[in-house]
1. Within the set of pairs 6+ apart or on separate chains, which have a first residue in region 50-75 that is acidic (D, E), a second that is in a helix (DSSP H, G or I) and exposed (fewer than 15 other Cβ atoms within 10 Å of the Cβ), and C-beta atoms under 7 Å apart?
2. Mind listing whichever residues of region 6-25 are within 11 Å of the chain's Cα centre (by Cα) and farther than 17 Å from P67 by Cα?
3. Could you pull out the residue among Y45, Y7, Y2 that is touching a helix residue (DSSP H, G or I) at 6+ places or on another chain (Cβ under 6 Å) and of a type outside the set (K, R)?
4. In region 26-44, what residues are surrounded by 13 or more Cβ atoms within 10 Å (Cβ to Cβ), among the hydrophobic types (A, V, I, L, M, F, W, C) and over 11 Å from the mean Cα position of the chain (by Cα)?
5. Identify, by number, the condition in (1) touching a strand residue (DSSP E or B) at 6+ places or on another chain (Cβ under 8 Å); (2) free of Cβ contacts under 8 Å to residues at least 12 places away in the same chain that E42 doesn't meet.
6. Surrounded by fewer than 13 Cβ atoms within 10 Å (Cβ to Cβ) and closer than 14 Å to Y2 by Cα: is that true of A56 in this structure?
Amino acid sequence: MYRYILYQRDDCHLCDQAIELLTRVRFAEPRSVFIDDDPVLEARYGERVPVLLDTATGVELDWPFDPAALQAADR
C-alpha cells in the first residue's frame, strides 16, 4: 500500500517537475493517479494538479511544493 498518492494529468509539465523533485529528494514513491477522464477527480483537483496526498493524514500538498514541505509532510 502506498502512503502517498500523486494526483496528476497526462502531458502535464508541472506533474513532471513534481515527480523529478520527489525523485531528487528521495521521497517515498507515490502511487500515481491520473485525473483525466474521471469526473469526480476532475471536479476535485481540476487545475490544482499536481497534488500530493498523504493517505495516513489526509493532508494534501498543492504544487508548488518544495523539499522543506515534503520533509514536514513525511513526519
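1. D62/R48
2. Answer for region 6-25, where residues must be within 11 Å of the chain's Cα centre (by Cα) and farther than 17 Å from P67 by Cα: Y7, Q8, R9.
3. Y7
4. Scanning region 26-44 gives F27, I35, L41.
5. In the conditions (1) touching a strand residue (DSSP E or B) at 6+ places or on another chain (Cβ under 8 Å); (2) free of Cβ contacts under 8 Å to residues at least 12 places away in the same chain, E42 misses (1) alone.
6. Yes.
Computed from the coordinates by the stated procedures, all read-outs in this text should not be read as laboratory data. Model, not experiment: these values are computed from the prediction. Here Cβ is always computed from backbone atoms with ideal geometry, including for glycine, and neighbour counts include all displayed protein chains.
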